[in-house]
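The values are calculated or read from the model by the stated rules, or taken from the named source; none is laboratory data. The structure presented is a predicted model; accordingly, all values stated were derived computationally and were not measured. Ideal geometry is used to build each Cβ from the backbone, glycine not excepted, and the neighbour counts take in all protein chains shown.
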Amino acid sequence: MIAAKVARPPVAHCMIVFVALMLFSSCPARSQTSAEIQIRQTASTSDDFVCWTPVKSRIRLLAPPADAGLKVVLRTITSTTGSGAVGFLPVDSDVLTSPAAQLQIELKKDGRWTDFYVAGLKASSASKDVSIRAELADGTPVATNSLMVRVRKNAETLTLPERTAFLRALATWKSRPGQARPTRFEDFYTAHADAFDLGIHSSFGANVSNFLPWHRAFLLNFERELQEIDPTVSLPYWKFDAPAPKLFSDDFFGSLPDGSTEVQFGPINPLRGWSKNGQSLRRFKVFPTKAAVSSNNLDVILCLSHDPSCQNAQGLYRATTDSFELNYHNNAHAAVLGWLGGADSPSDPLFFLLHANVDRGWAHWQAAYNRFKSDGIDAASYAPVGSYPGSAVNPRFRKGLYALDEMWPWGKPAAGNDQQAKWLPYSFVFPASESLPLTPDLPPIPAKMVDYLGVSNLENALGVCYDDIGFHGEVLGH
(Lines give C-alpha, C1' and ligand atoms only; values in the text may rest on other atoms or scores of the structure.)
Protein backbone atom coordinates (compact mmCIF):
# COMPACT_ATOMS: atom_id res chain seq x y z
CA MET A 1 0.00 0.00 0.00
CA ILE A 2 1.40 3.43 -0.89
CA ALA A 3 0.92 6.09 1.80
CA ALA A 4 -0.66 9.34 0.70
CA LYS A 5 1.77 12.22 0.67
CA VAL A 6 0.68 15.21 2.71
CA ALA A 7 2.02 18.63 1.80
CA ARG A 8 3.45 20.58 4.73
CA PRO A 9 2.73 24.35 4.59
CA PRO A 10 5.45 26.88 5.28
CA VAL A 11 6.07 27.88 8.91
CA ALA A 12 5.04 31.51 8.30
CA HIS A 13 1.64 30.41 6.98
CA CYS A 14 1.11 28.23 10.08
CA MET A 15 1.72 31.25 12.32
CA ILE A 16 -0.84 33.32 10.44
CA VAL A 17 -3.50 30.60 10.78
CA PHE A 18 -2.67 30.19 14.48
CA VAL A 19 -3.03 33.89 15.18
CA ALA A 20 -6.31 34.02 13.23
CA LEU A 21 -7.71 31.12 15.23
CA MET A 22 -6.70 32.75 18.50
CA LEU A 23 -8.39 36.00 17.54
CA PHE A 24 -11.58 34.18 16.50
CA SER A 25 -11.76 32.13 19.70
CA SER A 26 -11.29 35.20 21.88
CA CYS A 27 -14.50 36.76 20.53
CA PRO A 28 -17.65 35.95 22.56
CA ALA A 29 -19.91 33.39 20.92
CA ARG A 30 -23.30 34.66 19.81
CA SER A 31 -25.90 33.56 22.36
CA GLN A 32 -28.93 31.71 21.07
CA THR A 33 -32.24 33.25 22.09
CA SER A 34 -34.04 31.12 24.66
CA ALA A 35 -37.06 31.46 26.93
CA GLU A 36 -38.88 29.50 29.64
CA ILE A 37 -42.59 28.59 29.83
CA GLN A 38 -44.28 27.59 33.10
CA ILE A 39 -47.78 26.10 33.24
CA ARG A 40 -49.72 27.28 36.32
CA GLN A 41 -46.79 29.62 37.03
CA THR A 42 -44.72 26.88 38.65
CA ALA A 43 -41.47 25.24 37.60
CA SER A 44 -42.91 21.81 38.42
CA THR A 45 -43.99 19.66 35.50
CA SER A 46 -46.24 17.48 37.66
CA ASP A 47 -49.03 20.08 37.44
CA ASP A 48 -48.82 20.55 33.66
CA PHE A 49 -52.37 19.33 33.11
CA VAL A 50 -55.27 21.47 31.92
CA CYS A 51 -58.83 20.97 30.77
CA TRP A 52 -61.24 23.59 29.36
CA THR A 53 -60.69 26.07 32.20
CA PRO A 54 -58.18 28.86 31.43
CA VAL A 55 -55.04 28.40 33.55
CA LYS A 56 -52.71 31.28 34.28
CA SER A 57 -49.24 30.50 32.98
CA ARG A 58 -46.16 32.55 32.17
CA ILE A 59 -43.11 32.98 29.94
CA ARG A 60 -39.83 34.85 30.29
CA LEU A 61 -36.72 35.60 28.28
CA LEU A 62 -33.64 33.71 29.48
CA ALA A 63 -30.95 34.74 27.00
CA PRO A 64 -29.58 36.93 25.65
CA PRO A 65 -30.42 40.21 27.43
CA ALA A 66 -32.29 42.39 25.00
CA ASP A 67 -32.22 46.13 24.33
CA ALA A 68 -35.99 46.02 23.91
CA GLY A 69 -38.87 43.62 24.39
CA LEU A 70 -38.82 40.54 22.20
CA LYS A 71 -42.02 39.51 20.43
CA VAL A 72 -42.83 35.82 20.14
CA VAL A 73 -45.84 33.83 19.02
CA LEU A 74 -47.28 31.07 21.21
CA ARG A 75 -48.74 28.13 19.33
CA THR A 76 -49.40 24.45 20.01
CA ILE A 77 -47.80 21.38 18.53
CA THR A 78 -49.63 18.06 18.87
CA SER A 79 -47.57 14.89 18.93
CA THR A 80 -48.06 12.32 16.20
CA THR A 81 -49.38 9.84 18.78
CA GLY A 82 -51.82 12.17 20.53
CA SER A 83 -54.79 14.44 19.96
CA GLY A 84 -54.53 17.28 22.48
CA ALA A 85 -54.71 20.95 21.55
CA VAL A 86 -54.73 24.15 23.59
CA GLY A 87 -55.48 27.83 22.99
CA PHE A 88 -54.39 31.09 24.55
CA LEU A 89 -55.78 34.25 26.08
CA PRO A 90 -53.95 37.41 27.16
CA VAL A 91 -54.23 38.14 30.87
CA ASP A 92 -56.05 41.42 30.27
CA SER A 93 -58.85 39.66 28.38
CA ASP A 94 -62.22 38.43 29.55
CA VAL A 95 -61.63 34.75 30.32
CA LEU A 96 -65.16 34.01 29.12
CA THR A 97 -64.04 34.74 25.57
CA SER A 98 -62.84 31.85 23.45
CA PRO A 99 -59.11 31.04 23.47
CA ALA A 100 -57.21 31.59 20.23
CA ALA A 101 -55.04 29.01 18.50
CA GLN A 102 -52.04 31.33 18.80
CA LEU A 103 -51.06 34.44 20.71
CA GLN A 104 -48.43 37.09 20.08
CA ILE A 105 -46.74 38.12 23.30
CA GLU A 106 -43.86 40.44 24.15
CA LEU A 107 -41.14 39.17 26.46
CA LYS A 108 -39.69 41.72 28.84
CA LYS A 109 -36.08 42.66 28.07
CA ASP A 110 -34.95 42.22 31.69
CA GLY A 111 -36.19 38.62 31.95
CA ARG A 112 -39.27 39.30 34.10
CA TRP A 113 -42.29 37.06 33.60
CA THR A 114 -45.13 37.80 31.20
CA ASP A 115 -48.43 36.11 32.08
CA PHE A 116 -50.99 34.53 29.77
CA TYR A 117 -53.83 32.02 29.98
CA VAL A 118 -53.81 28.57 28.41
CA ALA A 119 -56.93 26.41 28.03
CA GLY A 120 -57.68 23.08 26.43
CA LEU A 121 -59.30 23.06 22.99
CA LYS A 122 -59.20 19.32 22.33
CA ALA A 123 -58.78 16.42 24.74
CA SER A 124 -55.51 14.52 24.86
CA SER A 125 -55.30 10.83 24.11
CA ALA A 126 -51.77 10.31 25.41
CA SER A 127 -49.53 11.64 28.16
CA LYS A 128 -48.25 15.19 27.53
CA ASP A 129 -49.20 14.87 23.87
CA VAL A 130 -49.36 18.61 23.18
CA SER A 131 -46.64 21.23 23.49
CA ILE A 132 -46.72 24.99 23.77
CA ARG A 133 -44.03 26.48 21.56
CA ALA A 134 -42.80 30.06 21.56
CA GLU A 135 -41.45 31.13 18.17
CA LEU A 136 -39.68 34.17 16.80
CA ALA A 137 -41.10 35.97 13.78
CA ASP A 138 -39.08 33.73 11.45
CA GLY A 139 -40.47 30.59 13.07
CA THR A 140 -37.39 29.81 15.16
CA PRO A 141 -38.48 28.08 18.40
CA VAL A 142 -37.14 29.62 21.62
CA ALA A 143 -39.11 27.62 24.24
CA THR A 144 -41.36 24.58 24.53
CA ASN A 145 -43.38 23.01 27.32
CA SER A 146 -45.33 19.77 27.07
CA LEU A 147 -48.70 19.35 28.76
CA MET A 148 -51.87 17.26 28.67
CA VAL A 149 -55.52 18.21 28.17
CA ARG A 150 -56.94 15.78 30.74
CA VAL A 151 -60.76 15.46 30.75
CA ARG A 152 -63.39 12.96 31.84
CA LYS A 153 -64.57 10.97 28.82
CA ASN A 154 -67.41 8.67 27.91
CA ALA A 155 -66.11 5.20 28.80
CA GLU A 156 -67.23 3.97 25.39
CA THR A 157 -64.83 6.34 23.64
CA LEU A 158 -61.64 5.47 25.53
CA THR A 159 -58.74 4.19 23.46
CA LEU A 160 -57.16 0.89 24.45
CA PRO A 161 -54.16 2.60 26.14
CA GLU A 162 -56.50 4.95 28.04
CA ARG A 163 -58.67 2.06 29.17
CA THR A 164 -55.67 -0.03 30.22
CA ALA A 165 -54.13 2.83 32.21
CA PHE A 166 -57.41 3.44 34.04
CA LEU A 167 -57.93 -0.24 34.91
CA ARG A 168 -54.37 -0.61 36.17
CA ALA A 169 -54.65 2.49 38.35
CA LEU A 170 -58.00 1.28 39.71
CA ALA A 171 -56.63 -2.17 40.54
CA THR A 172 -53.62 -0.62 42.30
CA TRP A 173 -55.82 1.80 44.24
CA LYS A 174 -58.02 -1.02 45.55
CA SER A 175 -55.26 -2.34 47.81
CA ARG A 176 -53.74 0.95 48.95
CA PRO A 177 -53.61 1.37 52.74
CA GLY A 178 -56.72 2.97 54.16
CA GLN A 179 -57.16 5.94 56.46
CA ALA A 180 -59.93 4.40 58.58
CA ARG A 181 -60.00 0.80 57.32
CA PRO A 182 -57.28 -1.63 56.18
CA THR A 183 -57.57 -0.56 52.52
CA ARG A 184 -58.67 2.58 50.69
CA PHE A 185 -61.28 0.45 48.91
CA GLU A 186 -62.89 -0.40 52.25
CA ASP A 187 -62.60 3.23 53.32
CA PHE A 188 -64.68 4.37 50.39
CA TYR A 189 -67.52 1.89 50.41
CA THR A 190 -67.95 1.97 54.20
CA ALA A 191 -67.79 5.79 54.34
CA HIS A 192 -70.52 6.02 51.72
CA ALA A 193 -72.68 3.66 53.75
CA ASP A 194 -71.96 5.57 56.96
CA ALA A 195 -72.78 8.89 55.34
CA PHE A 196 -76.31 7.87 54.36
CA ASP A 197 -77.81 9.37 57.50
CA LEU A 198 -75.70 12.52 57.27
CA GLY A 199 -77.59 13.95 54.30
CA ILE A 200 -75.81 12.66 51.20
CA HIS A 201 -79.15 11.20 50.07
CA SER A 202 -82.72 12.35 50.58
CA SER A 203 -83.26 10.00 53.49
CA PHE A 204 -84.81 12.79 55.59
CA GLY A 205 -87.34 13.85 52.98
CA ALA A 206 -87.35 15.76 49.73
CA ASN A 207 -85.03 18.65 48.97
CA VAL A 208 -82.77 18.44 52.00
CA SER A 209 -79.69 16.51 50.86
CA ASN A 210 -76.29 17.64 49.67
CA PHE A 211 -76.39 14.73 47.25
CA LEU A 212 -74.86 16.49 44.25
CA PRO A 213 -71.96 18.42 45.87
CA TRP A 214 -71.10 15.58 48.28
CA HIS A 215 -70.75 13.06 45.47
CA ARG A 216 -68.81 15.58 43.37
CA ALA A 217 -66.28 15.81 46.23
CA PHE A 218 -66.29 12.03 46.68
CA LEU A 219 -65.49 11.51 42.99
CA LEU A 220 -62.81 14.20 43.02
CA ASN A 221 -61.14 12.57 46.00
CA PHE A 222 -61.21 9.21 44.24
CA GLU A 223 -59.92 10.62 40.94
CA ARG A 224 -57.03 12.45 42.58
CA GLU A 225 -55.97 9.24 44.29
CA LEU A 226 -55.96 7.47 40.92
CA GLN A 227 -53.87 10.33 39.53
CA GLU A 228 -51.35 9.86 42.32
CA ILE A 229 -50.86 6.40 40.80
CA ASP A 230 -51.00 7.52 37.16
CA PRO A 231 -51.31 11.27 36.47
CA THR A 232 -52.59 10.68 32.93
CA VAL A 233 -55.80 9.01 34.19
CA SER A 234 -59.21 10.68 34.40
CA LEU A 235 -62.42 9.16 35.69
CA PRO A 236 -64.60 8.07 32.75
CA TYR A 237 -68.38 8.16 32.91
CA TRP A 238 -70.96 5.52 32.07
CA LYS A 239 -73.51 7.19 29.81
CA PHE A 240 -76.29 4.95 31.04
CA ASP A 241 -78.98 6.32 28.70
CA ALA A 242 -77.14 4.69 25.76
CA PRO A 243 -75.81 1.18 25.02
CA ALA A 244 -72.33 0.44 26.37
CA PRO A 245 -70.96 -2.67 24.61
CA LYS A 246 -67.31 -1.77 25.23
CA LEU A 247 -67.80 -0.97 28.91
CA PHE A 248 -69.70 -4.18 29.66
CA SER A 249 -67.15 -6.56 28.20
CA ASP A 250 -64.68 -9.00 29.71
CA ASP A 251 -61.84 -6.64 28.86
CA PHE A 252 -63.29 -3.59 30.61
CA PHE A 253 -65.87 -3.60 33.42
CA GLY A 254 -66.98 -7.18 33.05
CA SER A 255 -69.80 -9.20 31.54
CA LEU A 256 -72.42 -11.56 32.94
CA PRO A 257 -72.64 -15.14 31.70
CA ASP A 258 -76.19 -16.33 31.07
CA GLY A 259 -77.93 -17.26 34.30
CA SER A 260 -75.16 -15.87 36.52
CA THR A 261 -74.84 -12.81 38.74
CA GLU A 262 -71.06 -13.12 39.13
CA VAL A 263 -69.22 -10.60 36.97
CA GLN A 264 -66.74 -12.16 34.58
CA PHE A 265 -63.44 -10.52 33.60
CA GLY A 266 -60.91 -11.48 30.95
CA PRO A 267 -57.72 -13.34 31.95
CA ILE A 268 -55.46 -10.25 31.70
CA ASN A 269 -57.98 -7.67 32.94
CA PRO A 270 -56.49 -5.91 36.00
CA LEU A 271 -59.96 -6.08 37.64
CA ARG A 272 -60.02 -9.87 37.47
CA GLY A 273 -60.60 -11.23 40.96
CA TRP A 274 -62.33 -8.08 42.24
CA SER A 275 -63.90 -9.13 45.52
CA LYS A 276 -65.24 -7.95 48.88
CA ASN A 277 -65.07 -10.03 52.05
CA GLY A 278 -64.16 -13.08 49.99
CA GLN A 279 -67.11 -12.73 47.60
CA SER A 280 -66.73 -12.02 43.89
CA LEU A 281 -68.33 -8.93 42.35
CA ARG A 282 -72.07 -9.35 41.72
CA ARG A 283 -74.51 -7.59 39.41
CA PHE A 284 -77.99 -8.58 38.30
CA LYS A 285 -77.79 -7.01 34.86
CA VAL A 286 -75.36 -5.35 32.47
CA PHE A 287 -76.24 -3.28 29.41
CA PRO A 288 -74.03 -3.87 26.39
CA THR A 289 -76.71 -3.46 23.73
CA LYS A 290 -79.36 -1.20 25.25
CA ALA A 291 -79.69 1.74 27.62
CA ALA A 292 -79.94 1.07 31.34
CA VAL A 293 -82.18 4.11 31.82
CA SER A 294 -84.70 5.29 29.27
CA SER A 295 -84.49 8.95 28.32
CA ASN A 296 -88.18 9.12 27.38
CA ASN A 297 -89.48 9.99 30.84
CA LEU A 298 -86.48 11.81 32.32
CA ASP A 299 -86.52 15.56 31.89
CA VAL A 300 -82.92 15.61 33.14
CA ILE A 301 -81.92 14.32 29.71
CA LEU A 302 -83.24 17.53 28.20
CA CYS A 303 -80.72 19.48 30.26
CA LEU A 304 -77.96 17.12 29.18
CA SER A 305 -78.68 17.96 25.55
CA HIS A 306 -79.32 21.66 26.34
CA ASP A 307 -82.85 21.30 25.00
CA PRO A 308 -84.91 24.49 25.54
CA SER A 309 -87.57 22.32 27.21
CA CYS A 310 -85.14 22.02 30.12
CA GLN A 311 -86.18 25.55 31.10
CA ASN A 312 -88.71 24.43 33.69
CA ALA A 313 -88.89 24.89 37.44
CA GLN A 314 -87.10 28.24 36.97
CA GLY A 315 -83.76 26.47 37.14
CA LEU A 316 -83.60 26.40 40.93
CA TYR A 317 -81.28 23.94 42.66
CA ARG A 318 -83.85 22.73 45.18
CA ALA A 319 -86.35 22.09 42.42
CA THR A 320 -83.99 19.87 40.46
CA THR A 321 -81.70 18.05 42.91
CA ASP A 322 -84.27 15.36 43.66
CA SER A 323 -84.88 14.82 39.95
CA PHE A 324 -81.24 13.93 39.56
CA GLU A 325 -81.18 11.70 42.62
CA LEU A 326 -84.56 9.97 42.74
CA ASN A 327 -85.03 9.53 38.99
CA TYR A 328 -81.86 9.78 36.98
CA HIS A 329 -79.51 8.35 39.60
CA ASN A 330 -81.73 5.84 41.39
CA ASN A 331 -82.94 4.30 38.14
CA ALA A 332 -79.37 3.58 37.07
CA HIS A 333 -78.54 1.88 40.38
CA ALA A 334 -81.77 -0.10 40.27
CA ALA A 335 -81.12 -1.24 36.72
CA VAL A 336 -77.94 -3.07 37.76
CA LEU A 337 -78.45 -3.91 41.46
CA GLY A 338 -76.15 -6.52 42.96
CA TRP A 339 -73.45 -4.59 44.81
CA LEU A 340 -74.78 -1.39 43.28
CA GLY A 341 -78.07 -1.91 45.09
CA GLY A 342 -76.94 -1.13 48.64
CA ALA A 343 -75.49 1.64 50.76
CA ASP A 344 -71.99 0.22 50.22
CA SER A 345 -72.39 0.52 46.45
CA PRO A 346 -68.85 1.95 45.89
CA SER A 347 -67.68 -1.64 46.41
CA ASP A 348 -68.63 -2.06 42.74
CA PRO A 349 -66.21 0.15 40.78
CA LEU A 350 -69.05 0.84 38.33
CA PHE A 351 -70.35 3.18 41.06
CA PHE A 352 -67.73 5.79 40.18
CA LEU A 353 -68.58 5.77 36.47
CA LEU A 354 -72.30 5.91 37.23
CA HIS A 355 -71.85 8.89 39.52
CA ALA A 356 -69.52 10.61 37.08
CA ASN A 357 -72.44 10.56 34.65
CA VAL A 358 -74.78 11.99 37.31
CA ASP A 359 -72.22 14.69 38.05
CA ARG A 360 -71.94 15.36 34.34
CA GLY A 361 -75.73 15.78 34.29
CA TRP A 362 -75.52 18.37 37.05
CA ALA A 363 -72.78 20.15 35.10
CA HIS A 364 -75.02 20.37 32.03
CA TRP A 365 -77.89 21.67 34.15
CA GLN A 366 -75.55 24.29 35.61
CA ALA A 367 -74.51 25.37 32.13
CA ALA A 368 -78.11 25.53 30.91
CA TYR A 369 -79.04 27.95 33.72
CA ASN A 370 -75.64 29.56 34.38
CA ARG A 371 -75.60 28.13 37.90
CA PHE A 372 -71.89 28.33 38.70
CA LYS A 373 -72.00 30.93 41.44
CA SER A 374 -69.98 29.61 44.35
CA ASP A 375 -69.91 32.25 47.06
CA GLY A 376 -72.48 30.40 49.16
CA ILE A 377 -75.23 33.04 48.92
CA ASP A 378 -76.92 32.08 45.66
CA ALA A 379 -79.85 29.78 46.50
CA ALA A 380 -80.52 29.20 42.81
CA SER A 381 -77.12 27.46 42.50
CA TYR A 382 -77.19 25.66 45.85
CA ALA A 383 -79.35 25.66 48.97
CA PRO A 384 -79.40 25.86 51.95
CA VAL A 385 -77.08 28.86 51.88
CA GLY A 386 -74.77 30.07 54.64
CA SER A 387 -73.52 27.95 57.52
CA TYR A 388 -75.20 25.52 59.90
CA PRO A 389 -76.95 27.70 62.52
CA GLY A 390 -77.24 25.09 65.26
CA SER A 391 -79.82 22.64 66.56
CA ALA A 392 -82.66 25.19 66.52
CA VAL A 393 -82.96 24.63 62.77
CA ASN A 394 -85.33 22.07 61.26
CA PRO A 395 -83.69 18.73 62.20
CA ARG A 396 -83.74 17.63 58.58
CA PHE A 397 -81.14 20.32 57.81
CA ARG A 398 -78.11 19.12 59.70
CA LYS A 399 -74.48 20.21 59.76
CA GLY A 400 -72.73 19.51 56.46
CA LEU A 401 -75.70 20.43 54.26
CA TYR A 402 -75.24 24.20 54.29
CA ALA A 403 -73.22 25.84 51.53
CA LEU A 404 -70.36 26.90 53.81
CA ASP A 405 -70.24 23.76 55.98
CA GLU A 406 -67.38 21.33 55.87
CA MET A 407 -68.67 17.96 54.67
CA TRP A 408 -68.04 14.65 56.38
CA PRO A 409 -65.84 12.54 56.13
CA TRP A 410 -63.30 15.29 55.32
CA GLY A 411 -64.27 17.81 57.98
CA LYS A 412 -63.45 17.35 61.63
CA PRO A 413 -66.08 15.66 63.84
CA ALA A 414 -67.98 18.24 65.86
CA ALA A 415 -67.85 18.42 69.64
CA GLY A 416 -70.64 19.25 72.08
CA ASN A 417 -74.17 18.02 72.59
CA ASP A 418 -75.69 19.21 69.34
CA GLN A 419 -76.93 15.93 67.90
CA GLN A 420 -77.40 17.41 64.44
CA ALA A 421 -73.79 18.60 64.38
CA LYS A 422 -72.24 15.30 65.42
CA TRP A 423 -70.50 13.22 62.79
CA LEU A 424 -68.94 9.80 62.82
CA PRO A 425 -65.61 9.73 64.68
CA TYR A 426 -63.27 9.31 61.70
CA SER A 427 -62.32 11.56 58.83
CA PHE A 428 -60.42 11.45 55.54
CA VAL A 429 -57.52 13.58 54.42
CA PHE A 430 -58.47 15.10 51.08
CA PRO A 431 -55.67 14.52 48.58
CA ALA A 432 -53.72 17.60 47.56
CA SER A 433 -53.21 18.60 43.96
CA GLU A 434 -50.61 21.14 42.91
CA SER A 435 -52.00 24.60 42.28
CA LEU A 436 -55.56 23.38 42.70
CA PRO A 437 -57.90 24.05 45.65
CA LEU A 438 -58.97 21.51 48.25
CA THR A 439 -55.88 20.37 50.08
CA PRO A 440 -55.68 18.61 53.46
CA ASP A 441 -55.96 22.05 55.05
CA LEU A 442 -59.09 22.96 53.12
CA PRO A 443 -61.81 20.26 53.32
CA PRO A 444 -64.62 20.33 50.75
CA ILE A 445 -67.69 22.48 51.33
CA PRO A 446 -70.77 22.46 49.05
CA ALA A 447 -70.09 26.02 47.83
CA LYS A 448 -66.63 25.03 46.56
CA MET A 449 -68.14 22.12 44.64
CA VAL A 450 -70.55 24.31 42.69
CA ASP A 451 -68.20 26.21 40.40
CA TYR A 452 -66.14 23.22 39.34
CA LEU A 453 -64.95 24.96 36.15
CA GLY A 454 -64.06 28.25 37.83
CA VAL A 455 -66.52 30.21 35.69
CA SER A 456 -67.25 32.78 38.41
CA ASN A 457 -63.74 32.59 39.88
CA LEU A 458 -60.85 30.78 38.22
CA GLU A 459 -59.31 30.10 41.62
CA ASN A 460 -62.26 27.80 42.42
CA ALA A 461 -61.66 25.50 39.46
CA LEU A 462 -61.28 21.85 40.49
CA GLY A 463 -59.29 20.75 37.45
CA VAL A 464 -62.21 18.64 36.23
CA CYS A 465 -63.92 18.88 32.83
CA TYR A 466 -66.21 16.67 30.77
CA ASP A 467 -65.62 15.83 27.14
CA ASP A 468 -69.02 17.06 25.96
CA ILE A 469 -69.39 20.42 27.74
CA GLY A 470 -67.01 23.33 27.43
CA PHE A 471 -66.01 26.19 29.72
CA HIS A 472 -68.66 28.41 28.14
CA GLY A 473 -71.40 25.81 28.54
CA GLU A 474 -71.29 24.83 24.88
CA VAL A 475 -71.92 21.25 23.78
CA LEU A 476 -68.70 19.72 22.51
CA GLY A 477 -68.14 16.92 20.05
CA HIS A 478 -66.11 13.93 21.19
Problem - helices (runs of 4 or more DSSP H) within segment 317-404 that include 2 or more residues touching a residue at least 12 places away in the same chain (Cβ under 8 Å) and acidic (D, E) - result: none
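Is it the case that segment 220-231 has a residue that's assigned to a loop (DSSP other than H, G, I, E, B) and in the same structural domain as D418 (by TED's automatic domain parsing)?
Yes, segment 220-231 contains a residue that is assigned to a loop (DSSP other than H, G, I, E, B) and in the same structural domain as D418 (by TED's automatic domain parsing).
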Problem - Top-ranked residue in segment 41-71 [being acidic (D, E) and either surrounded by 13 or more Cβ atoms within 10 Å (Cβ to Cβ) or closer than 16 Å to G120 by Cα (or both); ranked as modelled with the highest pLDDT] - result: D48
Problem - Set D467, D405: member being closer than 19 Å to F211 by Cβ and modelled with pLDDT of 90 or more - result: D405
Handout entry: Residue in segment 56-65 that is touching a helix residue (DSSP H, G or I) at 6+ places or on another chain (Cβ under 9 Å) and touching a residue at least 60 places away in the same chain (Cβ under 8 Å) present
Key = yes
Practice task
Restricting attention to segment 78-99, report how many residues are more than 22 Å from the chain's Cα centre (by Cα) and in a strand (DSSP E or B).
Solution key: 1
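Look at S79 and say whether it is small (G, A, S), farther than 22 Å from G139 by Cβ and surrounded by 14 or more Cβ atoms within 10 Å (Cβ to Cβ).
No: the conditions fail for S79.
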Practice task
Considering each residue of segment 95-144, count those that are surrounded by 14 or more Cβ atoms within 10 Å (Cβ to Cβ) and of a type in the set (K, R), and give that number.
Solution key: 4
Fill in the blank from the handout: Flagged in segment 155-188 as without any contact (Cβ under 8 Å) to a residue 12 or more places away in the chain, assigned to a loop (DSSP other than H, G, I, E, B) and in contact with a strand residue (DSSP E or B) (Cβ under 8 Å, 6 or more places away or on another chain), in numbering order, are S175
Practice task
Kindly indicate whether T45 is hydroxyl-bearing (S, T, Y) and farther than 23 Å from R224 by Cα.
Solution key: no
Practice task
Tell me which of these F240 doesn't satisfy, since it passes every other one: (1) at pLDDT below 95; (2) assigned to a helix (DSSP H, G or I).
Solution key: (2)
